[in-house]
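These notes concern the structure reproduced below.
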Amino acid sequence: MQNVRLTVGMLLALVMCLTSGCYLHRMTYNYDGVQELEDTPEAVLDVSGIPPEEQDKLLQEMLEQYEGMDITFTINAGDVLDIRVYDHPDLSSNQIVVTPDGYIGVGLVGQVQVGGLTMLQANAKLEELLGEYIVNPMVTITTHSVRSETATIAGAVNHSGMFVISSGMRLADLYALAGGSSVRDYDGQWLDAAVLELSLFVRDGKVMPVNFVRAIKQGDPLHNVLLRKNDYVYIPPKDDHMVYVIGDVQSPQKRTWNENMGLLELLASCGWVNETFWDHVIIIRGGFTDPQMFKVDLGSILKGEKRNVRILAGDVVYLPKDDISEYNVFVRKLMPTIQLIRGAKHLF
């Protein structure tokens, strides 16, 4: 059974009606066609809509593009070099910093561009230039420290910024170097701020389908990818990710999301459901760019026949009073939210 999706046309029509003050005519739709949200961890935790095995396949294909690619080290801005000229200590230098435009200063020959060269190429270039002043110069260049081979991590970590990466360094290592998740005060509780489930790994301008939970918490070698120069990692904070509860609940509200939040815990924090609620809960997941509607059999969960389901950041949880008439109420309550208005602006 296919997920029920809110089309762009429906969004536009509803926004136009809301902004013009017109009344939405009663719809005859009900929730029969809405997919039941499975209570398996894979189905609940997958925010992309792609099954885990398909995510693995896609990631493997993208990583294979980098296998066999030349990763020979080249000198770049910020690298610190040591230069030795055999039998000429006066021409030797320690800790020479490569300038932003790729130059270093060398005795006798002045400024020499080495940015973009390998170590062997830089050696040969210096020997050629010094050969105009001394006989058969023998030059050795070594790296005192490499500052250009870096990856960046930003967001809800203790120490965001650029970090020097070495051979064999993986995503989890970068996360550890950044001090792991920062801790912030959420509704009187000090919690990890990082939302690993919605974190991004960008390489060469492409978002890699990396599962950060599997990479960092489980050490999955496929998702705990080897780092390359200029990789970018963003760990979003919980501040940006809320959960919305509306409908037949005692205290409709928005709540700060955390990774341990389940449906029962969320409803309890909102004062629990009213006695008139329908036995199913409707969850909209995926944001307003690609919304997907699911239903959860709350009645069966309360009877112990099904497991509690986890709530994901950005979920909109709606408790209708019945199956048919409340469908229209649901749409009317959902559409005026700030999130919809912001999302609708991108459609014009």
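The values are calculated or read from the model by the stated rules, or taken from the named source; none is laboratory data. Given the structure is predicted, the values throughout are model-derived calculations rather than measurements. A quick note on method: Cβ atoms are made from the backbone with ideal geometry, for glycine too, and the neighbour counts reach across all protein chains shown.
Going by the conditions given, is VAL317 part of a strand (DSSP E or B), assigned by TED's automatic domain parsing to the domain that holds PRO209 and at pLDDT 85 or above?
Details: part of a strand (DSSP E or B): yes; assigned by TED's automatic domain parsing to the domain that holds PRO209: no; at pLDDT 85 or above: yes.
In short, no.
Looking only at region 115-146, which residues are hydroxyl-bearing (Ser, Thr, Tyr) and more than 43 Å from the chain's Cα centre (by Cα)? Steps first, please.
Keep residues of region 115-146 that are hydroxyl-bearing (Ser, Thr, Tyr), which gives 118, 133, 140, 142-143, 145.
TYR133, the sole residue that qualifies.
Among (1) buried (at least 19 other Cβ atoms within 10 Å of the Cβ); (2) more than 16 Å from the chain's Cα centre (by Cα); (3) at pLDDT below 90, where does PRO236 come up short?
Single failed check for PRO236: (2).
Taking region 127-170, which residues are surrounded by 16 or more Cβ atoms within 10 Å (Cβ to Cβ), among the β-branched types (Val, Ile, Thr) and under 18 Å from VAL233 (Cβ atoms)?
Of everything in region 127-170, those that are surrounded by 16 or more Cβ atoms within 10 Å (Cβ to Cβ), among the β-branched types (Val, Ile, Thr) and under 18 Å from VAL233 (Cβ atoms) turn out to be THR150, THR152, ILE153, VAL157, ILE165.
With respect to the numbered conditions (1) out of contact with any Ser or Thr (no Cβ under 6 Å at 6 or more places or on another chain); (2) free of Cβ contacts under 8 Å to residues at least 40 places away in the same chain, which one is the sole condition not fulfilled by ILE165?
Tallying (1) out of contact with any Ser or Thr (no Cβ under 6 Å at 6 or more places or on another chain); (2) free of Cβ contacts under 8 Å to residues at least 40 places away in the same chain, ILE165 fails exactly one: (2).
Select, from GLU265, GLU275, the only residue that is farther than 27 Å from PRO52 by Cβ and either aliphatic (A, V, I, L, M) or free of Cβ contacts under 8 Å to residues at least 60 places away in the same chain (or both). It would help to see each step written out before you state the result.
Working: GLU265 fails: farther than 27 Å from PRO52 by Cβ.
Being farther than 27 Å from PRO52 by Cβ and either aliphatic (A, V, I, L, M) or free of Cβ contacts under 8 Å to residues at least 60 places away in the same chain (or both) holds for just one of GLU265, GLU275, which is GLU275.
Name the pairs whose Cβ atoms lie under 7 Å apart, with the first residue in region 212-226 and loosely packed, with under 15 Cβ neighbours inside 10 Å, the second modelled with pLDDT of 90 or more and assigned to a loop (DSSP other than H, G, I, E, B), and 6 or more positions between them or separate chains?
Cβ pairs passing all conditions: none.
Considering only region 245-275, state which residues are modelled with pLDDT under 80, part of a loop (DSSP other than H, G, I, E, B) and either acidic (Asp, Glu) or farther than 13 Å from VAL317 by Cα (or both).
Filtering region 245-275 down to residues modelled with pLDDT under 80 leaves 256-260.
With the extra rule that they be part of a loop (DSSP other than H, G, I, E, B), the set shrinks to 257-260.
Answer for region 245-275, where residues must be modelled with pLDDT under 80, part of a loop (DSSP other than H, G, I, E, B) and either acidic (Asp, Glu) or farther than 13 Å from VAL317 by Cα (or both): ASN258, GLU259, ASN260.
Taking region 180-189 as the region of interest, how many residues are in a loop (DSSP other than H, G, I, E, B) and surrounded by 12 or more Cβ atoms within 10 Å (Cβ to Cβ)?
Let us first name the residues in region 180-189 that are in a loop (DSSP other than H, G, I, E, B), namely 180, 182, 187-188.
Right, trim to surrounded by 12 or more Cβ atoms within 10 Å (Cβ to Cβ) and you get 180, 182.
The total comes to 2.
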